[in-house]
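The structure appears right after this line, and notes come after that.
The values are calculated or read from the model by the stated rules, or taken from the named source; none is laboratory data. Because the structure is predicted, anything quoted here is derived from the model rather than measured. For neighbour counting, all protein chains shown are included, and Cβ atoms are generated from backbone atoms with ideal geometry for every residue, glycine included.
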Amino acid sequence: MRMARPSGSLIPWIFVGCMGLVLAVNAGMVAAAISTYSGLAHDNAFGRGLAYNRLLEAQERQDGLGWRVEVELGAADGLDGGRHVRVGLADATGAALAEGRATLELRRPVERVAPVQVPLEPAGPGAFEGRVVLSRAGQFDARVVVVRGADRLDATRRIVAR
């Protein structure tokens, strides 16, 4: 005996309803994605790109100077734990770089704390010295900026305070 097929089957309508639900959810996700993130990391990406080109040109000029920098950090001494800092500068031939101004900034590469500005005083040709009190020992990025006339050196060296 054969069974008669029901005349008003719900299966096609369930299929259509599920597909409609999937389309509605996807449309909502697309709308949320478009309205929440533009895809740009910065508001002025074109201007930052032009600035990057100027940064590359400045780096080429700096490399052409051939200047070398060394940063030495002494051991902690005294009651305040201060340390002696020496910055040595040489030109492309290795001779001490006479004249110029230098600044030094120490940053912790492993944590977000304010950088430490180290006042430097000239200590002879190609040398600057200062004193700094650090909150703790460890690694620091020493950023040295030297300006002599129109020439500029911006260098970073990794140092360790023990």
**Among the residues listed as R162, R143, R112, the single one being of a type in the set (D, E, K, R) and touching a strand residue (DSSP E or B) at 6+ places or on another chain (Cβ under 8 Å)** = R143
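Does the stretch 70-78 include one or more residues that are modelled with pLDDT under 90 and in contact with a Lys or Arg (Cβ under 6 Å, 6 or more places away or on another chain)? Before the answer, list the steps.
Quick first cut of the stretch 70-78, residues modelled with pLDDT under 90 only: 74-78.
Narrowing further to those that are in contact with a Lys or Arg (Cβ under 6 Å, 6 or more places away or on another chain): 74, 76.
Yes: the stretch 70-78 contains one or more residues that are modelled with pLDDT under 90 and in contact with a Lys or Arg (Cβ under 6 Å, 6 or more places away or on another chain).
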**Request:** Give the stretch 39-75 a look and list any residue that's farther than 30 Å from R162 by Cβ and part of a loop (DSSP other than H, G, I, E, B), or say none.
**Result:** G39, L40, A41, H42, D43, N44, G66
**Scope the stretch 116-159; condition touching a residue at least 40 places away in the same chain (Cβ under 8 Å), farther than 23 Å from G94 by Cβ and either in contact with a Phe, Trp or Tyr (Cβ under 8 Å, 6 or more places away or on another chain) or not hydrophobic (A, V, I, L, M, F, W, C) (or both); matching residues** = G130, R131, L134
**Prompt:** Any residue in the stretch 148-161 that is under 14 Å from E72 (Cα atoms) and hydroxyl-bearing (S, T, Y)?
**Reply:** yes
**Request:** Return the residue satisfying two criteria in turn: it lies in the stretch 85-122 and is part of a loop (DSSP other than H, G, I, E, B), out of contact with any helix residue (DSSP H, G or I) (no Cβ under 8 Å at 6 or more places or on another chain) and among the aliphatic types (A, V, I, L, M), and of such residues it is nearest to V69 (Cα to Cα).
**Result:** L97
**Request:** Those residues that are surrounded by fewer than 14 Cβ atoms within 10 Å (Cβ to Cβ) and of a type in the set (D, E), I need them from the stretch 121-153; list them, please.
**Result:** E121
